[in-house]
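Notes follow the structure.
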Amino acid sequence: MRKIERMVITFLILLLGTYSEGFVISEAKFEELSSMVSDMSTGDRIAFWAESFVGTPYDPDPVGEYVRKGVIVADERVDCMYTTFRSVELAFSNNYSDAVANALNTRFLTHGRLDADGNVLNYEERYQYGIDMILSGKFGRNVTREIASPVSVKGERGIERVDIIAKKSALTNADKLRSGDIIFFVKDPSKRKVGEIIGHIGIVSVHEGGIFLIHASGNKNGNGEVKRVALGNYIDSMPFTGIMVTRFDTK
């Protein structure tokens, strides 16, 4: 990334930092900001939009407030999957309506359908498991093996095994990650409860000052927000056994 691009990203991140407590990405705000990031790489755009959610309250609904309401846009409160969906959708959008079209293409095992009022008709066909997002290819290439030598762990729901980067190796190879990389945090097989391989999702943001993780984090009481944390610190203390990583090729 050129120095001037890093300066612009840092400035915009600081600018977005003033919008907390449920910063909604309205059509006007999208138009204002998208013109400023249009020349960035795909990864930098994904990281930028992820950064825009920092400070947004956490959505504690286990189903997801956006699913419960049957809507595409629900920026007031977000969980880790919605934050990932929305950051990718916005990064690939030339205008606000593109983000809706992209959501219908990417959030679903099939394809999303809307009624005349714009309500989602088939959220039961959405991606509910992070591993399915990885396997779909809609959220970038699986570059886990390119980051570090993987280890194989037990899968779930008909998936026999998955290759992951073990926690210690993830920590020592964190510098190989790029802005916009999506990190899928893998649960210890002995701690899985509902057939989930992936227990959490976050987005990497690399800019002057370090390597960060942008993720929606809640506590046992359902409180929390989207946070920007030092990636190394998070990996070191995370309750997961390892990670998988996807990446969109730069363009």
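Hey, among T110, T106, T83, T56, which residue is of a type in the set (S, T, N, Q), touching an Asp or Glu at 6+ places or on another chain (Cβ under 8 Å) and within 20 Å of F184 (Cα to Cα)? Explain how you work it out, then say what you get.
Values: T110 fails: within 20 Å of F184 (Cα to Cα); T83 fails: touching an Asp or Glu at 6+ places or on another chain (Cβ under 8 Å); T56 fails: within 20 Å of F184 (Cα to Cα).
Unique residue meeting the criteria: T106.
Look through the stretch 156-187, keep the residues that are part of a loop (DSSP other than H, G, I, E, B) and within 18 Å of the chain's Cα centre (by Cα), and return whichever of them is nearest to Q128 (Cα to Cα). Step through it out loud before you land on a result.
Narrowing the stretch 156-187 to residues part of a loop (DSSP other than H, G, I, E, B): 156-160, 173, 177-181, 187.
If we keep only those that are within 18 Å of the chain's Cα centre (by Cα) as well, we get 177-181, 187.
On the way: L177: 25, R178: 26, S179: 25, G180: 21, D181: 20, K187: 15 Å.
If we take residues in the stretch 156-187 being part of a loop (DSSP other than H, G, I, E, B) and within 18 Å of the chain's Cα centre (by Cα), then K187 is nearest to Q128 (Cα to Cα).
Figure legend. Inter-residue proximity from the stretch 19-30: first residues among the acidic types (D, E), second residues at pLDDT 85 or above and assigned to a helix (DSSP H, G or I), beta-carbon distance below 7 Å, spacing 6+ or different chains. Indicated pairs: E27/Y96.
Of all residues in the stretch 50-63, those satisfying the criterion of being in a loop (DSSP other than H, G, I, E, B) and among the small types (G, A, S) are S52, G55.
Screening Y66 with (1) surrounded by fewer than 19 Cβ atoms within 10 Å (Cβ to Cβ); (2) in a helix (DSSP H, G or I); (3) of a type outside the set (V, I, T) gives one miss only, at (1). Of V204, V186, all but one fail to be in contact with an Asp or Glu (Cβ under 9 Å, 6 or more places away or on another chain) and touching a residue at least 24 places away in the same chain (Cβ under 8 Å); the exception is V204. For the stretch 34-61, a residue qualifies if it is free of Cβ contacts under 8 Å to residues at least 40 places away in the same chain and buried (at least 24 other Cβ atoms within 10 Å of the Cβ), and exactly one does: S52.
The residues of the stretch 70-109 that are over 13 Å from the mean Cα position of the chain (by Cα), in a helix (DSSP H, G or I) and in contact (Cβ under 8 Å) with a residue 40 or more places away in the chain, listed by number, are Y96, A99. Scoring S190 on the criteria (1) crowded, with 19+ Cβ neighbours inside 10 Å; (2) of a type in the set (S, T, Y); (3) not in a loop (DSSP other than H, G, I, E, B) leaves a single failure, condition (1).
Is it the case, given these coordinates, that I214 is assigned to a strand (DSSP E or B) and more than 19 Å from Y127 (Cα to Cα)?
Values: assigned to a strand (DSSP E or B): yes; more than 19 Å from Y127 (Cα to Cα): yes.
Yes; evaluated as a whole, the condition is true for this residue.
The values are calculated or read from the model by the stated rules, or taken from the named source; none is laboratory data. Bear in mind the structure is a predicted one, so any value in this text is a computation, not a measurement. Reconstructed Cβ throughout: ideal geometry from the backbone, glycine too, with neighbour counts over all protein chains shown.
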